[in-house]
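> Here you go, one structure.
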Amino acid sequence: MKKWILTALLCAFAFSLRAQEPYPELGAKLEEYFTALAGENAAVQSAECDFLIESCQDSLVRQYVALKIYRHYLESHIMGDDAVAVHVARKWFLTGAVPMASDQDLLNAQVFAEFNKSSLIGMPAPKLTLKDPEGEPVDVPAKKTYSALYFYDTGCTTCKLETPRLKRLVESGEYDLKVFAIYVGADANAWAAYRADFPGVTHVWDPEMDSDWQRLYGVLKTPGLFLVGPDGVILGRGLDTPALRILLNQQFSADQYVYGEAGQMARYSQLFGVYADSLSTRHIMDVADYLAARTFGEGDLDSFKQISGDLLYYLSSRREEVYRDACIPFVEKYIAGLPDVWNTADDKAQVVSLGEMLVELASRTPVGSVVPDITVHGVLRQKPCLFRKGTMEGDYRLTDLKGKPGYVVFYTSGCSSCKETLAAVDALVARNYPAKVLLVDMDALLTDYPSQAQQLLDTFDLSAMPFVIQLDKKGVVQHRYVSLSF
């Protein structure tokens, strides 16, 4: 298949949108450079980054460039980019060649490098000896076969969303794959209940923490999903089940097109970046219509399936409201609306099922609907005054969160993005007198109020957190996937 077709079409479409841009400053140039490097292997990207840093003669400029590179690859959602962040940390910051902004940042870089250096893509997978339910030793990963290592906790909110997806993949029997479900907790009863609901995999744990799995695999939060090849080399890390499926399809079907590759995703980011803050669902559909007309409209079915599948994977990777809202019209028109096109078993496994899931999630409590009348235990934040405190914990009806504006913030305690959002809530409440914000800790809710947690999971798209909704004074949802900032 012609993988260059997307590049050509996107360039043509982008040219029709974009006037001559002014000469960008250094930060913008670096962003362009990152986009150009996307899709290259970690060794190539690391060498290019070293060249950029070495080229800086001024010490302050060198520090700015090194930090910009490190943060880009540290925060990147592209699999394998973390290897570049580890390289930059170990070569430039931990050696003292370039100073970090603070001692705390340096300590964080040391921890990051130490906990990730042994489990990067392309490295031999660290060998673990864990215990099965009878206490017998089990070697992980398996030898001479593909192994998926799934680190989870029974009380982890994200794991409760990821486990059913992995379970469906196992039940499909599509791949010759040995799955190790690795319980990171020590609650034997909770583990037994989990095992009973997830057959077909090898269940192991390490309640005494003797195997050092946290450091060797860099698992500081759950879930953690890895793919290891028959030769014992790590093929994927930081995966979710759709990404695992992509890698397995790539491994088992060398000639089959692989959706969601890093280079394709970077090209879509570059294209939609042209719209900046004005991007709308209509713009996204304009792109989809243009690409469909240039492929499907001209009888090139293979190219249409490539670019449409990639666009679907791109939409699924973004949490901004505009992308999530675009999932419904895009899937209805170009996936579900063309059943004769997506008619193979691979199509249904890789594209159709993902499209159905995205539509179902995006359809939950949409913009314009009245927020459901659900009672939730949480913390209410608002600006304090003479007659009320600024923070009050208790049970609240979502319909009472009407405000000018009102927000509901769903979060988990171990999520770095959630911490940033909670800090932004403090700033929002301090500067906006009428604003009311209900903070809902899903981890605590699952433990103390499981029926409430389940009702919320069924009502909102909590597949990733933080998830923030904004309500008007009538309790109508104005925005979802809100990004709160200082």
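The values are calculated or read from the model by the stated rules, or taken from the named source; none is laboratory data. These numbers come from a predicted model, not from an experiment. No Cβ is skipped: glycine too gets one built from the backbone with ideal geometry, and neighbour counts run over all protein chains shown. Remember, those area values only see protein heavy atoms, side chains included, never the ligands or the DNA or RNA. Shrake-Rupley method; radii C 1.70, N 1.55, O 1.52, S 1.80 Å.
> Test MET265 against the stated conditions and say whether it is in contact with a helix residue (DSSP H, G or I) (Cβ under 7 Å, 6 or more places away or on another chain) and at pLDDT below 95. Step through it out loud before you land on a result.
Working: in contact with a helix residue (DSSP H, G or I) (Cβ under 7 Å, 6 or more places away or on another chain): yes; at pLDDT below 95: yes.
The answer is yes for MET265.
> Please pick out the residue among MET285, MET209, MET265 that is of a type in the set (A, V, I, L, M) and in contact with a His (Cβ under 9 Å, 6 or more places away or on another chain). Steps first, please.
Details: MET285 fails: in contact with a His (Cβ under 9 Å, 6 or more places away or on another chain); MET209 fails: in contact with a His (Cβ under 9 Å, 6 or more places away or on another chain).
Unique residue meeting the criteria: MET265.
> If I filter the stretch 144-151 for residues that are aromatic (Phe, Trp, Tyr), within 21 Å of ASP197 (Cβ to Cβ), out of contact with any Leu (no Cβ under 7 Å at 6 or more places or on another chain) and buried (at least 20 other Cβ atoms within 10 Å of the Cβ), do I get at least one hit? Quick ask: steps written out before the conclusion?
Pass one, the stretch 144-151, residues aromatic (Phe, Trp, Tyr): 146, 150-151.
Right, trim to within 21 Å of ASP197 (Cβ to Cβ) and you get 150-151.
Going one step further and asking which of them are out of contact with any Leu (no Cβ under 7 Å at 6 or more places or on another chain), we end up with 151.
Cutting the leftovers down to buried (at least 20 other Cβ atoms within 10 Å of the Cβ) gives us 151.
The answer is yes; a qualifying residue exists.
> A further question follows. If a residue has to be surrounded by 15 or more Cβ atoms within 10 Å (Cβ to Cβ) and assigned to a helix (DSSP H, G or I) to count, how many in the stretch 196-226 make the cut?
Looking only at that region, the number is 5.
> Tally the residues that are open to solvent by less than 40 Å² (accessible area, probe 1.4 Å) and either among the hydroxyl-bearing types (Ser, Thr, Tyr) or assigned to a helix (DSSP H, G or I) (or both), restricting the search to the stretch 152-191.
The number of residues fulfilling the criteria is 13.
> Out of the stretch 281-309, which residues are closer than 17 Å to GLU320 by Cα and open to solvent by less than 40 Å² (accessible area, probe 1.4 Å)?
Hits for the stretch 281-309 are ILE284, MET285.
> Here's another thing I want to ask about it. Which one is modelled with the highest pLDDT among residues in the stretch 173-215 that are touching a helix residue (DSSP H, G or I) at 6+ places or on another chain (Cβ under 7 Å) and among the hydroxyl-bearing types (Ser, Thr, Tyr)?
Here the answer is TYR183.
> Name the strands (runs of 3 or more DSSP E) wholly within the stretch 391-456 that hold at least 3 residues that are at pLDDT 85 or above and surrounded by 19 or more Cβ atoms within 10 Å (Cβ to Cβ)?
Numbers: elements: 391-397, 406-411, 436-441.
Fully inside the stretch 391-456 and qualifying: 406-411, 436-441.
> Another question, if that's okay. Could you grab me the full set of residues in the stretch 70-89 that are surrounded by fewer than 16 Cβ atoms within 10 Å (Cβ to Cβ) and assigned to a helix (DSSP H, G or I)?
Looking only at the stretch 70-89, we keep the residues that are surrounded by fewer than 16 Cβ atoms within 10 Å (Cβ to Cβ), and these are 71, 75, 77.
Listed by number, the residues that qualify are ARG71, GLU75.
> Within the stretch 108-143, track down each residue that is assigned to a strand (DSSP E or B), open to solvent by less than 20 Å² (accessible area, probe 1.4 Å) and either more than 19 Å from ARG215 (Cα to Cα) or touching a Lys or Arg at 6+ places or on another chain (Cβ under 8 Å) (or both). Before the answer, list the steps.
Step one: of the stretch 108-143, the residues assigned to a strand (DSSP E or B) are 124, 128-131, 137-140.
Now drop any that are not open to solvent by less than 20 Å² (accessible area, probe 1.4 Å), which leaves 128, 130, 140.
Listed by number, the list holds a single entry, VAL140.
> Just for helices (runs of 4 or more DSSP H) wholly inside the stretch 266-348: which have at least 2 residues that are without any contact (Cβ under 8 Å) to a residue 24 or more places away in the chain? First the steps, then the outcome.
Details: elements: 281-294, 301-317, 321-334.
The helices (runs of 4 or more DSSP H) meeting that bar are 281-294.
> Out of curiosity, is TRP205 farther than 25 Å from ASN116 by Cβ and in contact with a strand residue (DSSP E or B) (Cβ under 9 Å, 6 or more places away or on another chain)?
On the way: farther than 25 Å from ASN116 by Cβ: no; in contact with a strand residue (DSSP E or B) (Cβ under 9 Å, 6 or more places away or on another chain): yes.
Answer is no for this residue.
> On the given criteria, is ARG381 open to solvent by less than 60 Å² (accessible area, probe 1.4 Å), out of contact with any strand residue (DSSP E or B) (no Cβ under 7 Å at 6 or more places or on another chain) and not aliphatic (A, V, I, L, M)? Step through it out loud before you land on a result.
Working: open to solvent by less than 60 Å² (accessible area, probe 1.4 Å): yes; out of contact with any strand residue (DSSP E or B) (no Cβ under 7 Å at 6 or more places or on another chain): no; not aliphatic (A, V, I, L, M): yes.
So ARG381 does not fit the description; no.
Quick grid of which residues meet (1) basic (Lys, Arg); (2) open to solvent by 50 Å² or more (accessible area, probe 1.4 Å):
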site: ARG319; (1), (2): yes, yes
site: ARG324; (1), (2): yes, no
site: VAL331; (1), (2): no, no
site: TYR334; (1), (2): no, no
site: ASP340; (1), (2): no, yes
site: ASP346; (1), (2): no, yes
site: VAL352; (1), (2): no, no
site: VAL359; (1), (2): no, no
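> Taking LEU30, is it within 13 Å of GLN270 (Cβ to Cβ), open to solvent by less than 30 Å² (accessible area, probe 1.4 Å) and either at pLDDT 80 or above or out of contact with any strand residue (DSSP E or B) (no Cβ under 6 Å at 6 or more places or on another chain) (or both)?
Numbers: within 13 Å of GLN270 (Cβ to Cβ): no; open to solvent by less than 30 Å² (accessible area, probe 1.4 Å): yes; either at pLDDT 80 or above or out of contact with any strand residue (DSSP E or B) (no Cβ under 6 Å at 6 or more places or on another chain) (or both): yes.
For LEU30, the condition - within 13 Å of GLN270 (Cβ to Cβ), open to solvent by less than 30 Å² (accessible area, probe 1.4 Å) and either at pLDDT 80 or above or out of contact with any strand residue (DSSP E or B) (no Cβ under 6 Å at 6 or more places or on another chain) (or both) - is not met.
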